[in-house]
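The values are calculated or read from the model by the stated rules, or taken from the named source; none is laboratory data. Please read these numbers as outputs of a predicted model, since none were measured by experiment. All Cβ positions, even for glycine, are placed from backbone atoms using ideal geometry, and neighbour counts span all protein chains on display.
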Amino acid sequence: MGRKTNRLLLATLGWFPARLALAAMAWLAFINLYMVRVNLSVIIVAMVRRNETGASTAPCLTIANATQGITSDSQDNEETEEQSSIATYEEGEMVWDERTQGFVLAGFYYGYATTQIVGGRLAELYGTRWVFGTCILAGGICTVLSPIAARTHYGILIALRVIQGIFQGASWPSMHACVARWIPPLERSRFIASVYFGATLSTALTLPLCGVIIAAHGWAAAFYVTGALSLAWCALWFAFMHDSPRQHPR
């Protein structure tokens, strides 16, 4: 089956340079890598009710409440009740105080700091194909499961983010091992500059994308979309990626 697949790829994509295909896949990988990392920064705004610690009220909310108090005198009771129900819905369903939100946001980085050194060595032993691919796969799975975890208990979501960070902490070091095997020394600076740019671009694209998805379909859909994109990338990565030019059919 593997030989038939290689012959088919050689017949259809033999004209496409292998290193260029690797660069395109790696560029998309870093987009997905950061997409599931930073998406929570926007999603949590729609998940959580505001001011749950309750000691003080933000100035913007104070002004908004005063404005609503003035205008409510000229409105019917039905309209006031409708606006109140809409505002409660828009604030989100998670009753988390600021400390809990901080731990949820930081959970990824607790795990991310533990596998930076290990990731490079694992890629040298087992290959970038499996190590780097598993990093993205784990991130996609954890992201898809995040709405269920959040609605069950915030501790489960924190644990899920820590696990995601542990896996994705190996991503950058494992890609360095791939560059050492695939890219000639004179081309490495250009390859790295082009591919790693995907990380910055991903942040710029993910934040507004999550806002659009949340506005249209709710906060859970933002998790599902970003996680599904990572899983779709994994299918292509494991099908086409090889650990070295010597193992590549072309």
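What pairs come out if I take residues in region 143-169 that are in contact (Cβ under 8 Å) with a residue 24 or more places away in the chain and pair them with residues that are outside any helix (DSSP H, G or I) and of a type in the set (S, T, Y) whose C-beta lies under 8 Å away, six or more apart or interchain?
G165/T114; I166/T114; I166/T115; F167/T115; G169/T114; G169/T115
Kindly check whether there is at least one residue in region 225-244 that is over 19 Å from T134 (Cβ atoms) and either among the hydrophobic types (A, V, I, L, M, F, W, C) or in contact with a His (Cβ under 9 Å, 6 or more places away or on another chain) (or both).
Restricting attention to region 225-244, the residues satisfying the condition of being over 19 Å from T134 (Cβ atoms) are 225.
Now narrow it down to the ones that are either among the hydrophobic types (A, V, I, L, M, F, W, C) or in contact with a His (Cβ under 9 Å, 6 or more places away or on another chain) (or both): 225.
Yes - at least one qualifying residue is present in region 225-244.
Looking at S189, S194, S171, which one is loosely packed, with under 14 Cβ neighbours inside 10 Å and closer than 13 Å to A29 by Cα?
Every option except S194 fails the conditions.
Take the residues of region 121-132 that are surrounded by fewer than 19 Cβ atoms within 10 Å (Cβ to Cβ) and either outside any helix (DSSP H, G or I) or not basic (K, R) (or both): which is modelled with the lowest pLDDT?
Here the answer is E124.
Give region 214-241 a look and list any residue that's over 14 Å from the mean Cα position of the chain (by Cα), part of a helix (DSSP H, G or I) and among the aliphatic types (A, V, I, L, M), or say none.
I214, A215, A216, A235, L236, A239
For L105, work out the one condition from (1) at pLDDT below 90; (2) of a type outside the set (K, R); (3) in contact with a Ser or Thr (Cβ under 9 Å, 6 or more places away or on another chain) it doesn't fulfil.
Condition (1) is where L105 drops out.
For region 141-168, what are the residues that are buried (at least 23 other Cβ atoms within 10 Å of the Cβ) and under 20 Å from M47 (Cα atoms)?
C142, T143, S146, A150, L157, R161, Q164
Considering only region 171-193, I want to know if a residue exists there that is assigned to a helix (DSSP H, G or I), over 22 Å from C234 (Cβ atoms) and touching a residue at least 24 places away in the same chain (Cβ under 8 Å).
yes
Contact list please: Cβ distance under 7 Å, first residue in region 114-127 and in contact (Cβ under 8 Å) with a residue 12 or more places away in the chain and assigned by TED's automatic domain parsing to the domain that holds A180, second residue surrounded by 20 or more Cβ atoms within 10 Å (Cβ to Cβ) and part of a loop (DSSP other than H, G, I, E, B), pairs at least six apart or on different chains.
From region 114-127, the pairs are T114/G169; T115/G169; T115/A170; Q116/G169; V118/A170; G119/G169; G119/A170; L122/A170.
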